[in-house]
Each structure stands twice: as structure tokens, then as C-alpha cells.
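Notes follow once the structure below has been shown.
No lab work stands behind these numbers, since they all come straight from the coordinates. Model, not experiment: these values are computed from the prediction. So basically every Cβ, Gly included, is an ideal-geometry build from the backbone, and we count neighbours across all protein chains shown.
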Amino acid sequence: MRQIFVQGNEACGLGAIAAGAKFFAGYPITPASELAEFCSKEMPKVGGYYFQMEDELASIAAVIGASLGGLRSFTATSGPGMSLMQENLGFAILAEVPCVIINVQRFGPSTGVATRPGQADIMQARWGTHGDHTIIALAPASVQECYDLTIEAFNLAERFSTPVILLSDGALAHLREKISVYDDGELEITPRSAPEIEPEKYLPYRPNEKGVPHLSPYGNRHILRVTSLIHDEKGYSTANPTTARCQLERLETKITGYQEELPQAKCYGSKNPDAVVISFGISARAARQAVHFLNNDNFEIGMMDLKTIWPFPEKNIQEYCSQAEKVFVVEMNRGQLTGEVERILPGLEVIPVLRADTQVISPQEIIEKIKEVLR
Amino acid sequence: MSESYSFEDYIAWDRLPHMWCAGCGHGITLKGIAMALADLQIPPHKALIASGIGCSGRAGDYVTFNRFQGTHGRTLAFATGINAACPDLKIIAFLGDGDCYAIGINHLIHAARRNLNVAVIIGNNRNYGMTGGQFSPTTPQNTITSTSRYGKPEPEIDMCSVVAEAGASFVARTTVYHTVELFSFIKKAINTQGLSFVEVLSPCPTYFGRYNNLGNAVDMFRTLKEKTLPLKDYEKLPHEEKEKFFWHGIKVQRERVDFITEYNNYAKRLQANKGGEMS
Ligand code: SF4
């Protein structure tokens, strides 16, 4: 390991390269452009590709194509681009294509305030593409976590054969911090290869015991059939109701059945808290500071800094909050995660601590709100 | 070579009958693709049919070799990534005029500009068949479709010219009536370095034919025979006569390095430069 001083966007790029990424396709957009610039410089040096596509629809499409050819692939964008990517994000979910999408969230909706951060793409990450589906979305709260969770995102994408979203934001993207990174080759990566089964017997969409198929990269003797339509195990399209139902079920359970393998929330503060603060991303930084201050002021407060947003870590939150009476949700939007917390903690008082005005939430305003309620 | 392939090896016979209507042209084009692959002796695992959404999009359901079916219009964007990851895979993009010329036109023009190493075969049936015969960018002005009951108010587009201008290595047009030419163009397309584009006029008797009283499938095939001219003859026609005919033949055939080769050469130059900035 060695230490470097970088910004969040660069840390994501470095994490991707450490994770063995060999393909980036993207389209310029604030505040994610540094990631594209980084990849345009670094990918060719590691035998990888930087493709600047005609739009975000094409960017994620190229990423999916490269992944089907066996390359670890990713893209980075922000709100408006993320909206365009929803179409093919759904494709990657249904066709079970591993890939990583970094959404450097900015203030929306629409063009919004392009240069200012936001955390309002939480529900878009969950439900942005049409149809029933499950998604994995991670949220870093520091530049180090931008690096670590990007690596994690690539590994999870392969493990679950599915797209993984990393929810960064405009503030974190441009924050500079000292981080530890792997030396070249220190992190061992096994690229996806052809399955061991004989090519004649290979069924691309036959799931393993964990419900995950092994997509043999195109060009191997194992024939790969991929389609955006509901398909059978051979990869031929079908409208069979049983196949359709089983496929939808498996797309969900292959992820929700293994939530313990996803990055776990970091917990801070009192051991048996009366009140809990739940937050994520850049707001969790301010919240953590606030909790630290309040603990020193003799408030029995604990905090969960969620690393996995989707699937929502219901059980962990319910367990952590089992002794609490009040739960504060700190986020930079108009209460998207708050609704989820209310849903899973019926009977508890859930108090939103929100900021949605282009500015990063401050520890001071969190402290004030919590004191106002607890006093 | 130990194995040898016939066109039958590329067709998934157990998947038949197909869903295309009797008299539809798509089956002929698909057979042309299978025959071209057999003629070139491309092993099935080194060939990929990439299709989009619409009637032609189902082609991948009837083949034994690699299949990719993307979202509507995006196939060539997906193919850009596939091509980078698998440069020795022969990608045949079999797309419809609605898919590739309307929602997908952006990707087609940029793929041609980059000269992506893909054989693009268009089944141009001049309407959206799958969704019930609505007008497409190649539906002639004033003709009847399910969304132009009083005659289509918009003009059509000549995509062969657009793709040629954008930089494709090979541009040709033929019909499902001219099967020998179709087969030879597909073969040329697969063998071409860079983007090759073959537009295949293909009847849709179920919708376009029926709405415009063009007769049955046989009548529509006869029209393909009678209303088409080789390109050089077509060019000699006086302007007002041109409207009555389609040309078929090769419009562009040139040597141009394909996108992935170009990119890899660039990366090699960079690496030779010891990873430093390039001037
Ligand atoms: S609707 Fe038209 S294009 Fe579609 S299968 Fe039938 S004849 Fe062919």
C-alpha cells in the first residue's frame, strides 16, 4: 500500500484500475468529468479502453458490450446522464451483465444546478428503470471509500452478475484527502473466463446454487446468447409465464438472499443509543461530526453510516435501532431515504434532517435539529 | 481445418417455425447471413448476430451461434464494446429501418464515423412491422401506414448516402429478390475491415403491402424485380424518372482502418512513449 493525496473522482478511477477495469465509456458531464479525463489518460496505459461515446445511452451500452466480451467495464455520469442510462441499466439487470456505474450526484431535477452536489438520486437508483428489479447501490462517505467501494463494486458486479451503482456526489468528487492505495499488482484479480463445463452442454442462463449465471465471454467455444427479452436458460426469448415469474424472482433473490456479503454500515457513537442517526455519503460526514459532539455533551446517540443503500439494509437497521425511541435521518434531498426508514421502523419516531438547497449540510444544523427534538 | 460448416450449422432448426409472417423478407436475409458465414467458414463461436427490437430483432432466436439482442436502436453502441473486447469476433448487426434509422440513427452515424468493425445488414421493410405497421424514416412520402392514414406527410431519408458520408468502408444496397447479390454483399460486408452497410429492401406484406394495395408477397417480390435498377443504370436516368426506381449495387468500397485497430495503434504508440504525455 502507499499513500496519495487525491480527489474523490480520481479515487474512483484509481479504484477501478486496481479492480482490473479495462474499459470505460462515457460522455462529458459535470461533476463527473474528471473521471472521464482520468480514464482517457490512464486506461490506454494499462491496456484498456477509453471510449467517448455520442451520449450516455451509448456509453452504458458500450460498457455492457465490453463486459459481455469479458472486460471489467464501467462508466461515470451525473443526474441527466443517469436518467438516460436507465434504459440500458434495465437491460444489464435483465441480461445479468456485470458492470459498474458511478453516479456523481448533482442538484436536480433536470439540469438543476450542475456544479452543486445533491443526494436526490436515491430513489432513481432504486426504481429509475422500469419493471420489477433489484439493484445494488453503494455510497462512499470519504475519498478513501470512493477508492475502496469502487473496487468492491467491481467485485460485487462479478459475484452477482449484475450492474452495481456507486452513489458519489459533487462535493465528495472534488474533495481532496490522503488515502491508501494498492501498489500495482498488489490486488489479485481473476478476470471472468469461460466456464469449465463442455461447450456443448453450456447454458448461459443456467444459474449456480446461489442463483447466479456464468456468462462466458463472447468468442469462447461456449456460445453466449443475450437478449433484452425474457429468456430461457439457453438465452432464447420466451413469453412463458412460469419462466417470466421465475426469472424475476431469481433476479431479486440472487441479491437479497446474500445481503450479508454487501458492504455493511459503519456504526459510531453510543453503544445502546436512545436515538439513532442514519445517514450516508457526504451528509454522513457532517452527521458523524454532530454525533461526536452530542456524545461529548452526554446525549446517548448512535449512528449508522450506510455503505449499501440498495438493497436497503432493513434487518441491520431494525437491529441497531431496537433500543432506540427516535431515529434521525440526515440526507441532502427532500426525504427519500427517510421514507424507507419510516417503512421499516413502524412505531418509532422518525425525524428527517434534510437540506436541499445546493449546499452541503453542516454539523451545526444537525446538532441544532437533534437538540431541538431531544430537549 | 478439422471442422467444416454448412449454412445449416448456423440455423437453430429446433427453434422453427419462426414468428415472421408468410412472405416476409427477413428469413431470406437470415439465410443469406448463414450462407455467408458458411462460405467464409467462420466457426459459430467466432460469429455474433447482433439485433435490435422489431421483427428483424428476433433473428437471434433462430441461430446456433452467438446472439446479442439489445434495446431499441442501441445495438451498434453495444457492439462498440463487444468489438473492443473481442476484436476477432465477426459481428453481424441485423437491424430494421425503424430501429436503426429512427431511434438508433445517432449510433449508426457515429459507428460509421468511427468505422467500427461491424457488418450492418438492414432489413428495410419501410415501416414498423412488429408494432402494427406505423411509418418509419424510410416510408415514402404520401404512402399509407397505420399512423399515416391520409398519406405520410414527411419525406423519407436515404441512409446509404448518410452512412457513406459518415465514413463507412463499404456501402451497398440490394433486395431480398436479388438473392445472389444479397449473399455476395453480406459476404463482402463480413470480410470488410471497418463498418460495412448493406441495406436490403424487404417486403412487409402484412402491413406496408396491405395498407398500400401492393398485392400479396409474390406481387411485392415482383415489384422488387421490376422497380429496381443497377446503380450505374439508375444514375443515367433523368431526374424525374429516378423517383420511380430504387438502385441496387455497391455505392462505396474503400480501405479505411477500423476503429478498434486505430485505437490499439494509438495505445501502442502511447506505451512506446513510456506512458508519457503524447505531443
Ligand atoms: S409484420 Fe411485416 S416485417 Fe414483421 S414479420 Fe410480418 S411481414 Fe415481416
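So if I restrict to the alpha-carbon atoms in the range A:147-202, what is the Rg, and what is Dmax, the biggest pairwise distance, in Å?
Here Rg and the maximum Cα pair distance are 16.4, 52 Å.
Report the calculated FRET efficiency for residue A:344 and residue A:238 (r = Cβ-Cβ distance, R0 = 25 Å), to the nearest 0.05.
So the FRET efficiency works out to roughly 0.10.
Under Stokes-Einstein, with the Kirkwood radius over Cα pairs standing in for Rh, what whole-number D in µm²/s applies to the range B:146-279 at 4 °C and 1.567 mPa s?
73 µm²/s
Once you wrap a convex hull around the alpha carbon atoms of the range B:7-272, what is its projected area averaged over all directions, in nm²?
14.2 nm²
Which three numbers, in whole Å and largest first, are the semi-axes of the equivalent ellipsoid of the range A:264-374 derived from its Cα gyration tensor as √(5λ)?
Working from the Cα gyration tensor, I get semi-axes of 18, 17, 13 Å.
For a quick protection proxy, order the peptides A:181-193, A:328-340 by their average other-Cβ count within 10 Å, most packed first.
A:328-340, A:181-193
So what are the range A:1-263's ellipsoid semi-axes, whole angstrom, largest first, if each one is the square root of 5 times an eigenvalue of the alpha-carbon gyration tensor?
Working from the Cα gyration tensor, I get semi-axes of 30, 21, 16 Å.
With charges only on Cβ, +1 for K and R and -1 for D and E, what is the dipole size of the range A:264-374 about its Cα centre, in debye, rounded to 20?
340 debye
From the Cα trace of the range B:1-129, what convex hull volume per residue do you get, rounded to a whole Å³?
Per residue, the Cα convex hull of the range B:1-129 comes to 99 Å³.
How much length would be gained if the chain were fully extended between residue A:260 and residue A:127, taking 0.36 nm per residue of separation minus their Cα-Cα distance, in nm to one decimal?
45.7 nm
Assuming a viscosity of 0.692 mPa s and a temperature of 37 °C, what translational diffusion coefficient in µm² per second does Stokes-Einstein assign to the range A:12-94, Rh being the Kirkwood radius over Cα pairs?
264 µm²/s
Dipole size in debye (nearest 20) for the protein assembly as shown around its Cα centre, Lys and Arg Cβ +1, Asp and Glu Cβ -1?
The dipole of the protein assembly as shown has a size of about 1260 debye.
Can you give the mean number of other chain Cβ atoms that lie within 10 Å of the Cβ atoms in peptide A:38-50?
Mean number of neighbouring Cβ atoms from other chains: 3.
Other chains' Cβ within 10 Å of B:251-264 residues: what's the mean?
Per residue, the average neighbour count from other chains is 1.
Work out, step by step, the length gained on full extension between residue B:146 and residue B:131: first 0.36 nm times the residue separation, then minus their alpha carbon distance; give nm to one decimal.
Taking residue B:146 through residue B:131 to full extension adds about 4.4 nm, to one decimal.
Looking at this model, which pairs from A:45/B:46; B:187/B:232; A:201/B:90; B:46/B:232 are more than 25 angstrom apart at the alpha-carbon?
Cα-Cα > 25 Å for A:45/B:46; B:46/B:232; rest within.
Under the rule of at least 5 residues apart or a separate chain, name every residue whose amide H is placed under 5 Å from the amide H of residue B:129.
Correct list: B:55.
Enter the angle in degrees (range 0 to 90, nearest 10) between the Cα long axis of helix A:56-68 and the first principal axis of the Cα atoms of chain A, meaning the one along which they spread out most.
60 degrees
Counting only other chains, what is the mean number of Cβ atoms within 10 angstrom of the Cβ of each residue in peptide A:94-101?
1
For chain B, modelled as a GNM with alpha-carbon contacts under 10 angstrom, which of B:116, B:95, B:229 fluctuates the most?
Of B:116, B:95, B:229, the most mobile in the Gaussian network model is B:229.
Mind checking which lysines have their Cα closer than 22 Å to the Cα of residue A:254? Skip sequence neighbours fewer than 8 apart in that chain.
A:210, A:234, A:307, A:315
Given the protein assembly as shown, report the % of alpha carbon pairs whose separation exceeds 38 Å.
Tail of the P(r) past 38 Å holds 39 percent of the pairs.
Give me the one-decimal nm value for the distance between modelled label points at residue A:2 and residue B:180, 7 Å along each residue's Cα-to-Cβ direction.
6.7 nm
With +1 on each Lys and Arg Cβ and -1 on each Asp and Glu Cβ, and nothing else charged, work out how big the dipole of chain A is about its Cα centre, in Debye to the nearest 20.
In debye, rounded to 20, chain A gives about 200.
Express as a percent, rounded to the nearest 5, the fraction of DSSP beta bridges in chain A (both residues included) that run antiparallel.
30 percent
Give the share of C-alpha pairs in each 5 angstrom bin for the range A:173-257, from 0 to the last occupied bin, in whole percents, shortest bins first.
Calculated P(r), rounded to whole percents: 3, 12, 17, 17, 14, 10, 8, 8, 7, 4, 1.
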